[in-house]
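These notes concern the structure reproduced below.
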Amino acid sequence: MPDLLVAGFPAAAFGTNCYVVAPGPGEQCVVVDPGIGVGPQLDALLAEHRLHPVAVLLTHGHIDHTFSVTPVCQAKGVAAWIHPDDTPMLADPFLGLASDTAAMLRGSGLEWAEPDDVRTMVDGAVLELAGLELVVDHAPGHTPGSVLFRVPDASDGAALLLSGDVLFAGSIGRTDLPGGDTDAMMRSLATRVLPLPDDTVVAPGHGPATTIGQERASNPYLREAASWPGLLR
């Protein structure tokens, strides 16, 4: 998809990447993972590329990825999409957090409201939004409802993978938080990530972009996942 527009920036806290994806400039787009304090930068990015959001997509329910979901949805008049296993975190943003992080955020006077229009997506769903086809792959491990969004190319490979906190350049999302599951993460890496083509561009939830080929060659967690004992059960 040579004209695909993918642009992003890190949020004001936790370095969470917020993305916009569109068929090209001047088109409709989706917003992915609007984290803490993204409003002004997101508006500037949309204006720069003349984009018009039609949905907010959430790779999972952790607050560093969802903090601005309600104001963005309200301002743009759009729905939020999330896997049903993570919808409880939209009602209670402190779920799934380490106790010290939850205490810090509670003490900050955080005001939270769940989006008015929340839509759920299941494994294998194809979301036809903004002139795009985004394939949803349920990939639990970091959270129960973590997903990958794939934008396939014309030959049924994956031109783009929005990996959330499942896969980073050189690493993966942590599994020691409430709701995390190491066995589930390794299974997700083995069955959802490793089969993808090497030239798949990975836009992760934190850190720089990478490719599946680069991670296959150098990411120790992918090597471990390929022979994870839990896959035999």
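Quick notes on this one:
- Table column - 3J(HN,Hα) (Hz), the stretch 18-24, Karplus curve with 6.51, -1.76, 1.60, x for Gly and Pro: 9, 10, 10, 10, 8, x, x
- Euclidean distance of C-alpha centroids, the stretch 47-107 and the stretch 174-233, integer Å: 23
- Placed amide H near Val202: partners under 5 Å, 5+ positions off or other chain: Leu161, Thr210, Thr211, Ile212
- When shorter helices are ignored and each DSSP H run of at least 4 residues is given -39500 (n - 2.57), the per-residue value for the chain at 222 nm works out to -6000 deg cm²/dmol.
- Whole-Hz ³J(HN,Hα) from phi, Karplus 6.51 cos²θ - 1.76 cosθ + 1.60, for the stretch 190-200, glycine and proline x: 6, 9, 10, 9, 4, x, 6, x, 4, 7, 4
- Antiparallel content of DSSP bridges confined to the chain, in %, to 5: 65
- Distant-in-sequence amide contacts of Phe9, defined by a placed amide H-H separation under 5 Å and a gap of 5 or more residues or a different chain, comprise Cys18.
- Calculated P(r) of the stretch 1-43 - Cα pairs past 11 Å, %: 62
- Diffusion coefficient (Stokes-Einstein, Kirkwood radius over C-alpha pairs, 10 °C, 1.306 mPa s) for the stretch 160-233: 130 µm²/s, rounded to a whole number.
- Distant alpha-carbon pairs in the stretch 70-198 (separation over 20 angstrom), percent: 52
- Phi to ³J(HN,Hα) by Karplus 6.51 cos²θ - 1.76 cosθ + 1.60 over the stretch 60-65, Hz, x for Gly, Pro: 6, x, 4, 5, 5, 9
- The trypsin sites (Lys or Arg not before Pro) of the stretch 144-205 that DSSP puts in a loop, and whose beta carbon has at most 16 other beta carbons within 10 Å, are Arg174.
- Cα radius of gyration and Dmax for the stretch 1-108 (Å): 14.2, 46
- Convex hull projection area averaged over all views, the chain, Cα basis, nm²: 11.9
- Theoretical FRET efficiency, 1/(1+(r/R0)^6), r = Cβ-Cβ of Ser99 and Arg174, R0 22 Å, to 0.05: 0.95
- The listed peptides 196-207, 79-90, ordered by packing as a protection proxy, come out as 79-90, 196-207 (highest mean of other Cβ atoms within 10 Å first).
- In nm, spacing of pseudo-spin labels at Val126 and Ala13 (7 Å Cα→C-beta vector): 4.0
- Residue-span extension gain [Glu114 to Arg216] - 0.36 nm each, minus C-alpha spacing: 32.9 nm
- Under 12 Å from the Thr182 label point (7 Å along Cα→beta-carbon), backbone N, the stretch 201-233: 229-230
- Dividing the radius of gyration of the alpha carbons in the stretch 74-137 by their Kirkwood radius gives 1.06 for Rg/Rh.
Coordinate-derived values only; no laboratory data. Predicted model only: the values in this text are computed from it and were never measured. Backbone-built Cβ (ideal geometry, glycine too); neighbour counts: all protein chains shown.
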